[in-house]
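Below you'll find the structure, written out as structure tokens, and then a few comments.
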Amino acid sequence: TVLAGLSLSTGAALLVWNIIKEERRYERSKHIQEEELRDEAEGNDTLPSIISHFQETFIDISSDITEANKKRTSAYYQKARDAHLYSLVLGVRSYPRLRNRREREMKRIMHYYTEGTKSHRTIITMCDNETASMLDIARRDILDPLNLSHDITTENVWVPAQNIIPNEDLHVTVATPWWWHTIREGNQALSEELVTRFRQTLVSECHHSFQIELERIVLLGGKALVALWRSIGERKTEDGFIIYDRHGEEIDPFVKLRRDIVHCFTTEKFGAPLTYNERIGNSNGNNNGGTPSIPSRGNNVRANSIELKTPGLGSGDGFIHTTLARLPLDCLSMKDVDLDPIHRLCREATATYCGHRMVVKDFRFLETTGAGGESNPCIDPIADETIEAPVRVQMTEAGIVENHYDLHTAKTVDTNATIGAVGGGFDRKTQSIEGLFDLEANGK
């Protein structure tokens with residue numbers, strides 16, 4: 001009787017403890033959201049915001065670099081702040097349930113590839129070797145505390161190999177001309193026509209090489225580890241100096257590039273629109289030669305996938321990103337996983353690598369069937385074409401065309417330029433130094 005009573009007491013105590021533990025875990029994962037609600041209830045007017053007035057800004061094709069980056073900054077900051085709402089991933093206590101979820105996750109990731117009847121077209125720009133190596137180092141440092149494994153049978157943290165983008169495949173998504181559609185007769189010819197249309201746009205709209213700069217690295221939603229970028233360009237100071245930074249005065253090159261891509265595929269600028277709606281004879285009315293408006297998320301009218309799926313367009317925030325990894329939160333581990341160290345390392349990586357610049361000088365048009373999962377179109381594409389940005393040229397007085405790979409303003413250097421005063425003016429011939437140190441020639 002005594003042993004039975006002790007067993008019941010122990011069982012009841014464990015049950016109460018587990019209930020308390022679950023409640024604490026739930027509360028911890030929501031603590032930041034509750035703090036924000038309290039701040040709103042108390043009134044945020046007492047906490048002035050520097051970026052709040054940029055949140056309602058909508059970037060359009062005429063936005064300059066300064067304006068576009070202000071919108072990006074506010075959007076990136078909010079995304080980074082929201083990421084901290086996901087500070088704890090609850091473990092799946094039942095191993096059979098964990099395995100079932102992981103198997104479903106793998107089926108979801110490889111769904112289109114397994115089905116084998118659909119393809120997806122995208123335009124990207126590849127990270128150069130130095131940038132890719134830098135991002136790879138940052139990713140390894142950030143994810144190191146997870147001690148993750150690609151083995152689906154592990155009880156610890158599991159991340160599918162397809163969710164870690166290989167170093168050589170790291171890229172920035174530019175546009176998504178066609179979302180997933182069934183492969184039909186004439187599919188290859190369509191891809192070739194899309195490539196031609198894109199090449200015409202680059203040349204006709206003078207989309208030369210430009211630079212982007214790393215803004216921050218963040219774990220979005222506790223799930224997607226991404227590098228976020230901003231545009232940079234030229235601005236002129238009061239005393240005539242040229243500075244190349246995030247406050248450029250010219251039109252944002254990334255925003256304009258994306259808008260022009262939408263324009264070339266959805267209007268009759270270079271011929272019949274190359275959209276799914278057009279091909280099935282169900283035009284959406286944007287064939288008047290004007291730039292189509294980007295519909296809101298709540299619009300029930302069917303829109304072209306390029307307008308909705310291209311990053312930074314539908315949201316109007318100019319989003320520029322490189323996906324580094326994706327965490328499967330529903331089946332991450334049997335144990336609770338604390339993401340606070342990951343968020344801290346993201347902030348440290350941002351402090352370390354923020355300001356790194358990359359040249360956007362060529363683009364890859366890819367048609368994939370999903371062999372690389374949901375984030376890597378570079379694995380076994382059925383169409384792969386690289387298109388270089390047109391090179392800036394300058395006509396000299398002699399009629400010679402010179403290529404300019406310097407993305408800054410061209411600089412004319414006077415061959416007579418010197419530092420300090422020079423007697424007799426700049427027309428004076430410079431005396432040869434030949435024999436200057438010859439003792440006999442100088443009578444010594």
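The values are calculated or read from the model by the stated rules, or taken from the named source; none is laboratory data. Keep in mind the model is a prediction, meaning the values are calculated, not measured. Note: ideal-geometry Cβ built from the backbone for every residue, glycine included; neighbour counts use all protein chains shown. We work out accessible area using only protein heavy atoms, side chains counted, and drop any ligands, DNA or RNA first. Shrake-Rupley method; radii C 1.70, N 1.55, O 1.52, S 1.80 Å.
With (1) surrounded by 18 or more Cβ atoms within 10 Å (Cβ to Cβ); (2) modelled with pLDDT of 90 or more as the list, and residue 192 as the residue in question, which single condition is left unmet?
(1)
With the structure loaded, tell me whether residue 163 is among the polar types (S, T, N, Q) and open to solvent by 50 Å² or more (accessible area, probe 1.4 Å) or whether it fails that test.
Details: among the polar types (S, T, N, Q): yes; open to solvent by 50 Å² or more (accessible area, probe 1.4 Å): no.
The answer is no for residue 163.
How many of the residues in the stretch 168-182 are surrounded by 15 or more Cβ atoms within 10 Å (Cβ to Cβ) and farther than 17 Å from residue 388 by Cβ?
Initial filter on the stretch 168-182 (surrounded by 15 or more Cβ atoms within 10 Å (Cβ to Cβ)): 169-181.
Subsequent filtering for residues that are farther than 17 Å from residue 388 by Cβ retains 169-170, 173, 176-181.
Count: 9.
Test residue 251 against the criterion of being among the hydrophobic types (A, V, I, L, M, F, W, C), surrounded by fewer than 23 Cβ atoms within 10 Å (Cβ to Cβ) and closer than 23 Å to residue 201 by Cβ, and give yes or no. Quick ask: steps written out before the conclusion?
Numbers: among the hydrophobic types (A, V, I, L, M, F, W, C): yes; surrounded by fewer than 23 Cβ atoms within 10 Å (Cβ to Cβ): yes; closer than 23 Å to residue 201 by Cβ: yes.
Yes, satisfied.
Are there any pairs with C-beta distances below 9 angstrom linking a residue in the stretch 213-226 that is free of Cβ contacts under 8 Å to residues at least 12 places away in the same chain to a residue that is open to solvent by 10 Å² or more (accessible area, probe 1.4 Å) and in a loop (DSSP other than H, G, I, E, B), with the two at least 6 apart or on different chains, and if so which?
Listed pairs, sorted by first residue: none to list.
Need the failing condition index for residue 176 against (1) under 16 Å from residue 126 (Cα atoms); (2) at pLDDT 90 or above, just the number.
(2)
Within the stretch 232-260, track down each residue that is in a loop (DSSP other than H, G, I, E, B) and in contact (Cβ under 8 Å) with a residue 24 or more places away in the chain.
Let us first name the residues in the stretch 232-260 that are in a loop (DSSP other than H, G, I, E, B), namely 232, 237-241, 246-250, 252.
232, 246, 247, 248, 249, 250, 252, listed by residue number.
When the stretch 165-182 is examined, which residues are found to be under 15 Å from residue 226 (Cβ atoms), outside any strand (DSSP E or B) and either more than 15 Å from the chain's Cα centre (by Cα) or not hydrophobic (A, V, I, L, M, F, W, C) (or both)?
Within the stretch 165-182, 169 is the sole residue that qualifies.
Considering every residue within the stretch 336-343, establish whether at least one is outside any helix (DSSP H, G or I), of a type outside the set (Ser, Thr, Tyr), open to solvent by 10 Å² or more (accessible area, probe 1.4 Å) and under 19 Å from residue 375 (Cα atoms).
Checked against the condition, which is being outside any helix (DSSP H, G or I), of a type outside the set (Ser, Thr, Tyr), open to solvent by 10 Å² or more (accessible area, probe 1.4 Å) and under 19 Å from residue 375 (Cα atoms), the stretch 336-343 yields no hits at all.
Can you tell me how many residues within the stretch 346-378 are open to solvent by less than 30 Å² (accessible area, probe 1.4 Å) and in a helix (DSSP H, G or I)?
Number satisfying all stated conditions: 3.
Would it be correct to say that residue 199 is out of contact with any Gly (no Cβ under 8 Å at 6 or more places or on another chain), free of Cβ contacts under 8 Å to residues at least 12 places away in the same chain and either farther than 19 Å from residue 307 by Cα or open to solvent by 30 Å² or more (accessible area, probe 1.4 Å) (or both)?
no
Given the residues 156, 129, which is the only one that is at pLDDT 95 or above, open to solvent by 60 Å² or more (accessible area, probe 1.4 Å) and in contact with a Ser or Thr (Cβ under 8 Å, 6 or more places away or on another chain)?
Values: 129 fails: in contact with a Ser or Thr (Cβ under 8 Å, 6 or more places away or on another chain).
That would be 156, the only listed residue that is at pLDDT 95 or above, open to solvent by 60 Å² or more (accessible area, probe 1.4 Å) and in contact with a Ser or Thr (Cβ under 8 Å, 6 or more places away or on another chain).
Tell me which residues, restricted to the stretch 137-152, are more than 16 Å from residue 350 (Cβ to Cβ), open to solvent by less than 90 Å² (accessible area, probe 1.4 Å) and either in contact (Cβ under 8 Å) with a residue 60 or more places away in the chain or among the polar types (S, T, N, Q) (or both). Steps first, answer last, please.
As a first pass, look at the stretch 137-152 and keep what is more than 16 Å from residue 350 (Cβ to Cβ): 144-152.
If we keep only those that are open to solvent by less than 90 Å² (accessible area, probe 1.4 Å) too, we end up with 145-146, 148-149, 151-152.
Hits for the stretch 137-152 are 145, 146, 149.
Residues in the stretch 190-247 that are of a type outside the set (Asp, Glu) and over 26 Å from residue 386 (Cβ atoms): how many? Can you show your working first?
Going residue by residue through the stretch 190-247, those that are of a type outside the set (Asp, Glu) are 190-191, 194-204, 206-212, 214, 216-233, 235-237, 240-244, 246-247.
Remaining after also requiring over 26 Å from residue 386 (Cβ atoms): 216-225, 235-237, 240-244, 246-247.
Of the residues in the stretch 190-247, 20 are of a type outside the set (Asp, Glu) and over 26 Å from residue 386 (Cβ atoms).
Return the pairs, sorted by first residue and then second, in which the second residue is among the hydrophobic types (A, V, I, L, M, F, W, C), the first residue lies in the stretch 163-174 and is free of Cβ contacts under 8 Å to residues at least 40 places away in the same chain, the beta carbons are less than 6 Å apart, and the residues are 6+ apart or on different chains.
167/132
Which of (1) open to solvent by 10 Å² or more (accessible area, probe 1.4 Å); (2) part of a strand (DSSP E or B); (3) of a type in the set (A, V, I, L, M, F, W, C) does residue 229 not meet, given it meets every other one?
Result: residue 229 passes all but (1).
For a quick check of your reading: which helices (runs of 4 or more DSSP H) sit entirely within the stretch 57-124 and have at least 1 residues that are in contact (Cβ under 8 Å) with a residue 40 or more places away in the chain, closer than 30 Å to residue 253 by Cβ and out of contact with any strand residue (DSSP E or B) (no Cβ under 6 Å at 6 or more places or on another chain)?
Values: elements: 65-83, 95-109, 111-115.
Correct list: 65-83.
Can you tell me which residue in the stretch 57-83 is nearest to residue 321 (Cα to Cα), limited to those that are touching a helix residue (DSSP H, G or I) at 6+ places or on another chain (Cβ under 7 Å) and open to solvent by 50 Å² or more (accessible area, probe 1.4 Å)?
Selected residue: 70.
Is there a residue being closer than 20 Å to residue 321 by Cβ and crowded, with 18+ Cβ neighbours inside 10 Å anywhere in the stretch 87-108?
Filtering the stretch 87-108 for residues closer than 20 Å to residue 321 by Cβ gives none.
No, that holds for no residue.
Among the residues of the stretch 199-225, how many are in contact with a helix residue (DSSP H, G or I) (Cβ under 6 Å, 6 or more places away or on another chain), over 30 Å from residue 327 (Cβ atoms) and assigned to a strand (DSSP E or B)?
Result for the stretch 199-225: 1.
Hey, can you tell me all the residues within the stretch 367-384 that are of a type in the set (Gly, Ala, Ser) and within 22 Å of residue 324 (Cβ to Cβ)? Steps first, answer last, please.
Taking the stretch 367-384 as the starting set, the residues that turn out to be of a type in the set (Gly, Ala, Ser) are 370-373, 375, 383.
370, 371, 372, 373, 375 - these are the residues of the stretch 367-384 that are of a type in the set (Gly, Ala, Ser) and within 22 Å of residue 324 (Cβ to Cβ).
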